[in-house]
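The values are calculated or read from the model by the stated rules, or taken from the named source; none is laboratory data. Keep in mind it's a predicted model, so treat the numbers as computed, not measured. We place every Cβ from the backbone using ideal geometry, glycine too, and count neighbours over all the protein chains shown. We work out accessible area using only protein heavy atoms, side chains counted, and drop any ligands, DNA or RNA first. Shrake-Rupley method; radii C 1.70, N 1.55, O 1.52, S 1.80 Å.
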Amino acid sequence: MKKYEQIERMSNEKYKRMIKLLFSSVMLLGLCGIYAFVWIGYYNKYIVQSGFGFFRRGNWLMVLLYGVLLTFFMKTYGGFKVGYLKNGNLIYSQIISVVFTNLFTYFQIAVIDKRFVGPAYIVIMTIVDIALIVFWTQTFQTLYKNIFPPRKMVLISGEREDYHLRNKINSREDKYEICKTISCKNELSIISREIEEYDGVIIGDIPSHERNVLLKFCYEKGIRSYSVPKISDILLRSSVELNLFDSPLLLSRNTGLTVEQSFFKRFEDIVVAFIMLIIFSPVFLITAACIKLTDHGPIFYKQDRLTQGGKVFQIYKFRTMVMNAEESSGPVLAEENDPRITKIGRFLRRLRLDEAPQILNILKGDMSVVGPRPERPELAAQICEEIPEFEYRLKVKAGLTGYAQVYGKYNTTSYDKLKLDLTYIRNFSFLLDFKLILMTPKIMLIKESTEGVKSRNNKHN
């Protein structure tokens, strides 16, 4: 029976990309159709009266530009990732994509007409867009789950505690179902037989020799495998391939950013920080007033943090905890429902607005807009006792946002944060920086991205 189910699943897998393309195409056509109705039926007629209107091909070009812009934001925020993101996250990604697209489109119309036209129709269009998104995505996700039920998986565990990995995978019961866990200490012949009984295998943090044997076995048998990368894997996969000889070589320079990259990244930091300072200046004033009125204490909070090369600097944040919060506890990360956090502080942390004053750190040159989050020296020392490679993050400046902040969570383990930060350092590009900056508004509003450390965790998790 299991073999029959596996064959049926493999048969359905061939059509997965086609089905996803159908989902994306129908959504794009629907949203572009709504815009075409609003543009041709109202805004273009309004602009024609001013002598700047479009006709036929011009109208279709405007709709095409809207579609291109919408596709860009959908790709950036993951709006097409049906079957990959959870329902709520997928719908949220699509909504934020539509909101940004419609906002840009409104300014585009204002530029064409050389004045700000009434936004009522754009607002109504956005509401209709959201209704279409919710209906179509919910309907399609239900259909997708029926066609592609959760994969039945076997987990190969190692000596390192893997409850974090199990919990993360189990949280996606719509996508994966861990049916069995096997220790890598078992004989490889026993593990191999077990693997063949399931839809796929998750290879945890196990010794390299055993992992290599299992990977080759899965490749030979055509079995889907998911591997937890080691730090050395991240360093290797971002190396440069050399073909100087008849034997392939992988070159790993291991020097961080080049002189040219550092220069242009600093230029990027100054430009982006000045723009952010102008945009967030009203937020600064309102937040400062709220903090002062709450308990009459200081507005800002300064704290020692680490940046490039292990240099210590003072980071600026809006104060979110009661005064002298660590007087008795010492330096510890905030936990869920931490009693030290004030009411206004909880709101600021929820939207990550407490980080806004770090724009000043960026202008001073202590930090970059994008980079690893700066750790406290005391906590970094504790982490390095268990994970000596944690210092690898210091090859670049600390950042206000970054790869680990966008793709991880506040309570992501230090070991996983290190892997994410190394992925950024080793794959640095200005295009990647631009993408992470664009992704930041999305994760600011996702609750699971800002949740505190579980009380069961140790201080550095």
Looking only at the range 402-413, which residues are among the polar types (S, T, N, Q) and buried (at least 23 other Cβ atoms within 10 Å of the Cβ)?
Gln405
Can you confirm whether the range 146-160 contains a residue that is of a type outside the set (Gly, Ala, Ser), surrounded by fewer than 14 Cβ atoms within 10 Å (Cβ to Cβ) and assigned to a loop (DSSP other than H, G, I, E, B)?
yes
Any idea which of Lys45, Lys86 is basic (Lys, Arg), modelled with pLDDT under 90 and surrounded by 12 or more Cβ atoms within 10 Å (Cβ to Cβ)?
Lys86
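The rows are residues; the columns are (1) modelled with pLDDT of 80 or more; (2) farther than 30 Å from Thr255 by Cβ.
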residue: Lys302; (1), (2): yes, yes
residue: Gln308; (1), (2): yes, no
residue: Gln314; (1), (2): yes, no
residue: Arg319; (1), (2): yes, yes
residue: Val322; (1), (2): no, yes
residue: Val332; (1), (2): no, yes
residue: Asp338; (1), (2): no, yes
Anything in the range 196-240 that is polar (S, T, N, Q) and more than 14 Å from Thr423 (Cα to Cα)? List them, or say none.
Ser208, Asn212, Ser225, Ser227
Those residues of the range 230-269 which are among the hydrophobic types (A, V, I, L, M, F, W, C) and over 23 Å from the mean Cα position of the chain (by Cα), in sequence order:
Val240, Leu242, Leu244, Phe245, Leu249, Leu250, Leu251, Val259, Phe263, Phe264, Phe267
Among Lys216, Lys292, Lys221, which is among the charged types (D, E, K, R) and modelled with pLDDT of 90 or more?
Lys216
Please work out if Gly58 is modelled with pLDDT of 70 or more and open to solvent by 40 Å² or more (accessible area, probe 1.4 Å).
no
Can you tell me which residues in the range 184-231 are in a loop (DSSP other than H, G, I, E, B) and either hydroxyl-bearing (Ser, Thr, Tyr) or open to solvent by less than 50 Å² (accessible area, probe 1.4 Å) (or both)?
Cys184, Tyr198, Asp199, Gly204, Asp205, Ile206, Ile223, Val228, Pro229, Lys230
Only one residue in Phe72, Phe100, Phe104, Phe116 is in a loop (DSSP other than H, G, I, E, B), of a type outside the set (Lys, Arg) and over 16 Å from Gly33 (Cα atoms), so which one is that?
Phe116
Quick check: is even one residue across the range 178-186 touching a residue at least 12 places away in the same chain (Cβ under 8 Å), under 25 Å from the mean Cα position of the chain (by Cα) and under 25 Å from Ile19 (Cα atoms)?
no
Hey, Pro298 hits all of (1) more than 27 Å from the chain's Cα centre (by Cα); (2) at pLDDT 90 or above; (3) of a type outside the set (A, V, I, L, M, F, W, C) but one; which does it fall short on?
(2)
Complete set of residues in the range 85-99 that are touching a residue at least 24 places away in the same chain (Cβ under 8 Å) and over 17 Å from Gly67 (Cβ atoms):
Lys86, Asn87, Asn89, Leu90, Ile91, Tyr92, Ser93, Ile95, Ile96
Report those helices (runs of 4 or more DSSP H) wholly inside the range 353-437 carrying at least 1 residues which are free of Cβ contacts under 8 Å to residues at least 24 places away in the same chain and aromatic (Phe, Trp, Tyr).
403-407
State all residues of the range 259-317 that are among the hydrophobic types (A, V, I, L, M, F, W, C), farther than 21 Å from Ile437 by Cα and open to solvent by 70 Å² or more (accessible area, probe 1.4 Å); if no residue qualifies, say none.
Val259, Leu285, Ile286, Leu293, Phe300, Val312
Is there a residue being modelled with pLDDT under 90, assigned to a loop (DSSP other than H, G, I, E, B), loosely packed, with under 12 Cβ neighbours inside 10 Å and out of contact with any strand residue (DSSP E or B) (no Cβ under 6 Å at 6 or more places or on another chain) anywhere in the range 166-178?
yes
The residue that is modelled with the lowest pLDDT, considering only those in the range 91-144 that are open to solvent by 40 Å² or more (accessible area, probe 1.4 Å) and of a type in the set (Gly, Ala, Ser), is Ala120
Condition (residue is over 17 Å from Ile156 (Cβ atoms) and either in contact (Cβ under 8 Å) with a residue 40 or more places away in the chain or aromatic (Phe, Trp, Tyr) (or both)) applied to the range 212-231: is it met by at least one residue?
yes
